[in-house]
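A.B. asks: Just passing along the structure, written as structure tokens.
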Amino acid sequence: MNLKNIRWKQRFQNFQKAYNQFNSAIADFENLSTLEKEGLIQRFEYTFELAWKTLKDYLESEGVPANFPREVIKAAFHYELIQNGAVWMDMLEKRNLMAHTYNEARFNLAIEKIKDEYYQAITEVYTVLEAKL
């Protein structure tokens, strides 16, 4: 087994831990307080970060060079590791706005996008990569 193959599998283990925490928060979404929803945003942020980095490592193990998030998303879409490239690009663009949760409108938009769009996209990638182990 080559080092790049080992690397993506190790990264996947971290992604798996983050995904499980993210999944747990989504599963209990209706019972979350405002403070806990702020925590959900943070769980999304680090789960998204690990998702694209795991995709990057997987692509590299397959001989596909991609270094930056946009390149990784485009390559992952091209190789059918992700289904909805537009949602992934939106996650990439919106992640920086998530830091502004003090703005109630942005906070509510972030929570809705995470719950209604981003969670599904990350779950799809998690499932695809898990099947490749």
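A.B. asks: Return the pairs, sorted by first residue and then second, in which the second residue is among the polar types (S, T, N, Q) and part of a helix (DSSP H, G or I), the first residue lies in region 97-120 and is under 10 Å from residue 41 (Cβ atoms), the beta carbons are less than 9 Å apart, and the residues are 6+ apart or on different chains.
C.D. replies: 98/42; 107/34
A.B. asks: Hey, residue 57 hits all of (1) in a loop (DSSP other than H, G, I, E, B); (2) of a type in the set (Asp, Glu); (3) buried (at least 17 other Cβ atoms within 10 Å of the Cβ) but one; which does it fall short on?
C.D. replies: Among (1) in a loop (DSSP other than H, G, I, E, B); (2) of a type in the set (Asp, Glu); (3) buried (at least 17 other Cβ atoms within 10 Å of the Cβ), the lone unmet condition for residue 57 is (1).
A.B. asks: Quick check on region 91-99. Is at least one of its residues outside any helix (DSSP H, G or I) and either at pLDDT below 95 or touching a strand residue (DSSP E or B) at 6+ places or on another chain (Cβ under 6 Å) (or both)?
C.D. replies: Yes, that holds for at least one residue.
A.B. asks: If you don't mind, there's one more thing I want to ask. Yes or no: residue 93 without any contact (Cβ under 8 Å) to a residue 24 or more places away in the chain and under 21 Å from residue 18 (Cβ atoms)? Even if it seems obvious, please write down each step before you answer.
C.D. replies: On the way: without any contact (Cβ under 8 Å) to a residue 24 or more places away in the chain: yes; under 21 Å from residue 18 (Cβ atoms): yes.
Here the answer is yes, as residue 93 does meet what is asked.
A.B. asks: Just a yes or no: is a residue in region 23-30 over 21 Å from residue 67 (Cα atoms), of a type in the set (Asp, Glu) and either free of Cβ contacts under 8 Å to residues at least 12 places away in the same chain or buried (at least 16 other Cβ atoms within 10 Å of the Cβ) (or both)?
C.D. replies: Looking through region 23-30, at least one residue is over 21 Å from residue 67 (Cα atoms), of a type in the set (Asp, Glu) and either free of Cβ contacts under 8 Å to residues at least 12 places away in the same chain or buried (at least 16 other Cβ atoms within 10 Å of the Cβ) (or both).
A.B. asks: When only residues in region 48-104 that are polar (S, T, N, Q) and under 15 Å from the mean Cα position of the chain (by Cα) count, which is farthest from residue 125 (Cα to Cα)?
C.D. replies: From region 48-104, those polar (S, T, N, Q) are 54, 61, 67, 83-84, 96, 101, 103; that's our starting set.
Then drop every residue that is not under 15 Å from the mean Cα position of the chain (by Cα), which leaves 54, 83-84, 96.
Details: 54: 10, 83: 9, 84: 10, 96: 21 Å.
Within region 48-104, the match that is farthest from residue 125 (Cα to Cα) is 96.
A.B. asks: Continuing with the same structure: Only one residue in 10, 42 is outside any loop (DSSP other than H, G, I, E, B), closer than 24 Å to residue 59 by Cα and of a type outside the set (Gly, Ala, Ser). Which one?
C.D. replies: Going through 10, 42 in turn, the sole match is 10.
A.B. asks: Among (1) assigned to a loop (DSSP other than H, G, I, E, B); (2) surrounded by 15 or more Cβ atoms within 10 Å (Cβ to Cβ), which single condition is residue 65 missing?
C.D. replies: Residue 65 satisfies every listed condition except (2).
The values are calculated or read from the model by the stated rules, or taken from the named source; none is laboratory data. Here the structure is a predicted model, which is why all the values come from computation and not from measurement. In this analysis, Cβ positions are derived from the backbone assuming ideal geometry, glycine residues included, and neighbour counts consider all displayed protein chains.
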